[in-house]
Amino acid sequence: EEADARDCKLVYADPETVTDEELRGFSWFTFKENVAIALTVAELLGVERETALQGMYEAPPDPGVLSVERYATHDGKKLRFANVFAANDP
């Protein structure tokens, strides 16, 4: 109703349309919801799904993306550093 009142079109980006296999193409942790939004926008612009996915796979990740770096000290201790600066994502 609100979209109609503003002469807008509401477009739903369904995260269930993103497969686990498609998520594995990313070299960083991402959410199906975010990928679904990007794929929906690409579709609206006439970009094929595979082309959009390939572009996302090849793009550098956001600087705040969740990542875990692994380190080993000289005495054999294993350390992990988790970058959670993007913790505002669900």
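Packing, taken as the mean count of other beta carbons within 10 Å per residue, orders the peptides 67-76, 34-43 from highest to lowest as 34-43, 67-76.
I'd like the distance between the alpha-carbon centres of the range 31-52 and the range 1-27, rounded to an integer number of Å. Their Cα centres are 8 Å away from one another. Among the chymotrypsin sites (Phe, Trp or Tyr not before Pro) in the range 1-39, those located in a DSSP loop and surrounded by at most 13 other Cβ atoms within 10 Å of their own Cβ are Tyr12, Trp28, Phe29. Per the Debye calculation on the range 2-60 with a single equal scatterer at every Cα and no solvent contribution, log₁₀ I(q)/I(0) for q = 0.12, 0.15, 0.24 Å⁻¹ amounts to -0.32, -0.48, -0.97. Ranking Val18, Thr40, Gln54 by Cα position along the charge dipole of the range 2-60, where only Lys, Arg, Asp and Glu carry charges on their C-beta atoms, puts Gln54 farthest toward the positive end.
For Ser67, the amide hydrogen comes within under 5 Å of the amide hydrogens of Asn83, counting only partners 5 or more places away or on other chains and with H modelled in the peptide plane.
Helix 49-58 axis versus longest C-alpha principal axis of the chain: approximately 30°, rounded to the nearest ten. Cross-link partners for Lys78 among the aspartates and glutamates, with Cα-Cα distance under 12 Å and sequence neighbours closer than 8 places in the same chain left out: Glu69.
What is the sum of charges around Arg70, taking Lys and Arg as +1, Asp and Glu as -1, for the other residues whose C-beta is under 10 Å from the C-beta of Arg70? Cβ neighbours under 10 Å give a net charge of +1.
Relative to the dominant Cα principal axis of the chain, helix 32-44 is inclined by about 40°. Each Lys and Arg contributes +1 and each Asp and Glu -1, all at the Cβ; summed about the Cα centre of the range 2-60, the dipole is approximately 160 debye. Note on the chain: with a GNM built from Cα contacts shorter than 10 Å, the maximum mean-square fluctuation among Leu79, Leu45, Leu66 falls on Leu79. For the chain, adding -39500 (n - 2.57) for each run of n ≥ 4 DSSP H residues and dividing by the number of residues yields -9000 deg cm²/dmol at 222 nm.
Counting only residues at least eight positions apart within a chain, or on another chain, the aspartates and glutamates with an alpha carbon under 13 Å from that of Lys32 are Asp14, Glu16, Asp20, Glu21, Glu22, Asp89.
No value in this document is a laboratory result; all are computed from the given coordinates. This structure is a prediction, so every number in the text was calculated from the model and none was measured. Note that we place each Cβ from the backbone using ideal geometry, even for glycine, and neighbour counts take in every protein chain shown.
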